[in-house]
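Every read-out reported here was derived from the displayed coordinates using simple, explicitly stated rules and does not represent laboratory data. Here the structure is a predicted model, which is why all the values come from computation and not from measurement. We place every Cβ from the backbone using ideal geometry, glycine too, and count neighbours over all the protein chains shown.
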Amino acid sequence: MNQANEEEVKPGPLDGITVLDFSRVLAGPYCTMILADLGARVIKIERFGTGDDTRAFGPFVGDDSAYFMCFNRGKESISLDIKSPRDRELLERLLDSCDVVVENFRPGVMERLGYGPERLAKTHPHIVYSSISGFGHSGPFSDLPGYDMVVQAMGGVMSLTGWPGGEPARVGTSFGDLGAALFGAIGILSALYSRSRDAQGSRIDIGMLDCQAALMETALARYDVEDVVPNRTGDCHPSLAPFETFAAKDGKFVMCAGNDTLFLLMADALGAPELALEPLFLTNDLRVQNRKKMVEDIEKVTKTQPMQHWIDALNEAGVPCSPINTIDKLFDHPQLLARNMIVKVKGENERPVRTAGNPIKMSSLTEVDPEEPIQAPGLNQHREAILEELMSDKGAYAPTVTPPEQLDDDGESNNWV
């Protein structure tokens, strides 16, 4: 390898960090995917036979689930029977050498398995232990099952999604799961930084409902100030105008002029300086109050030309705007391609699947080659390699622990979020 190539290949910022990932479906696996993208070694602990539930979720490439591959790329897989003394000893050895544990069981399941946070805080105080569940591990709802749409409904975002007078709507992606995953990753990174100073792990307790409340922007404060329940506003921002879609001659596009300077620039770009002189539009607050008239006056202009004409004019003037892209347009988007945001993942099938890459760009992180597929693990694919690694480590020994309490038949699988 030449010097140039050596300089290009950098270990990620989490190089040397090992994560034991007991989670499945989306919130936990997305969290650990972020850690893997940043260079951590993620060992996915799966149940024998079926593994992660999403291995059975379509669409499929051969026998490989595209859903599973997208969020488990770059990880290793080992199946463990935690009721087996041999596998429990193996797990103890993995715990000795790992830095982070991530799980998204319902509260109490890991305790019944014998690997709850209180026990590990005593036996493995170096471990950062992160739990992600519907409602967290405290409070009156903590034992209830919680999934993405449940917390979208309970957290209020469905009441704000859709058009005035229409029915509440689920956000088009799993907003509840993904929000919890991001906060989980932030908590883990914070705990690892803290551990670098005091050598002590931390307990992280992420509730999806908490995360929904935290992501409600100003909705709670608006109600507290105005004593009016916020409702669906369609495609516009309740506090900014213009900040919505507008009709052109051949379709709709988004235009956001969220301050007075941008509104002046917008009026000039549209060739309609009179809009900036209209007394009802002189400030953002006035434009919000008179939104209906403002939209009508702007669309009298924008309907006269094709959408691309206005996109070009607004971009030239520095006014934020965009066409409303369908998903297929993202694969060829020049900005996403320039930033290596479309990557390939593959399982055992030869055909790779394109998906979104890592949006965290760092000087200490080598960019993934967009043409080189990232491997997603087959079920239990890495068991023998992990066994060989642990058995060769003379110091990695821990005695078999006391068997766990007997679980209900559905105790392990209940409420993977």
In Hz, Karplus ³J(HN,Hα) per residue of the range 43-51 (6.51, -1.76, 1.60; θ = phi - 60°; x = Gly, Pro): 9, 8, 8, 10, 7, 4, x, 10, x
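Provide the net charge surrounding GLN381, with neighbours chosen by a C-beta distance below 15 Å and charges set as Lys +1, Arg +1, Asp -1, Glu -1. Walk me through the numbers before you get to the answer.
Details: positive: ARG41, LYS44, ARG47, ARG55, ARG73, LYS75, LYS346, ARG383; negative: ASP21, GLU46, ASP52, ASP63, ASP64, GLU76, GLU348, GLU384, GLU388, GLU389.
Counting the neighbours of GLN381, the net charge comes to -2.
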- request: With springs connecting C-alpha atoms under 10 Å apart, model the chain as a Gaussian network and identify which of ARG47, ARG73, ARG222 has the largest mean-square fluctuation.
  value: ARG222
- line: Ranked by GNM mean-square fluctuation in the chain (Cα springs under 10 Å), the top entry among VAL228, VAL101, VAL368 is VAL228
query: Based on the Cβ-Cβ distance of VAL254 and SER194, what FRET efficiency does E = 1/(1 + (r/R0)^6) give at R0 = 56 Å, to the nearest 0.05?
result: 0.85
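Give the shape of the range 179-287 as rounded, prolate or oblate, defined through the alpha-carbon gyration tensor: a ≥ b ≥ c are the square roots of its eigenvalues, a/c under 1.5 means rounded, and otherwise the shape is prolate if a/b is larger than b/c and oblate if not.
Details: a/c = 2.89, a/b = 2.36, b/c = 1.23.
Prolate.
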task: Estimate the FRET efficiency between THR173 and ASN349 by the formula 1/(1 + (r/R0)^6), using the beta-carbon distance for r and 25 Å for R0, to the nearest 0.05.
output: 0.50
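Around VAL353, with a cut-off of 15 angstrom between Cβ atoms, what is the net charge of the other residues, counting Lys and Arg +1 and Asp and Glu -1? Please list the in-between numbers first.
Values: positive: ARG55, ARG73, LYS344, LYS346, ARG351, ARG354; negative: ASP63, ASP64, ASP328, GLU348, GLU350, GLU371, GLU372.
Charge balance near VAL353 sits at -1.
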message: Greater than 21 Å separation of Cα atoms is the criterion. Which listed pairs, LYS249/LYS292; LYS292/LYS329; LYS252/LYS361; LYS10/LYS75, meet it?
response: LYS292/LYS329; LYS252/LYS361
Three-way shape call for the range 83-211 based on the alpha-carbon gyration tensor, with the a/c threshold at 1.5: prolate
- prompt: Say we join alpha carbon atoms closer than 10 Å with springs in a Gaussian network model of the chain; which of THR366, THR50, THR304 then has the biggest fluctuation?
  reply: THR304
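Would you please give the FRET efficiency between VAL229 and ALA153, computed as 1/(1 + (r/R0)^6) with r the Cβ-Cβ distance and R0 = 22 Å, to the nearest 0.05?
Once the sixth-power term is evaluated, E becomes 0.90.
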Per-selection Kirkwood Rh - the range 243-328 (Cα, Å, 1 d.p.): 12.8
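State the three equivalent ellipsoid semi-axes of the chain, derived from the C-alpha gyration tensor as the square roots of 5 times its eigenvalues, in descending order and whole Å. Could you put the intermediate results ahead of the total?
On the way: eigenvalues 436, 135, 74 Å².
Rounded to whole Å, the semi-axes are 47, 26, 19.
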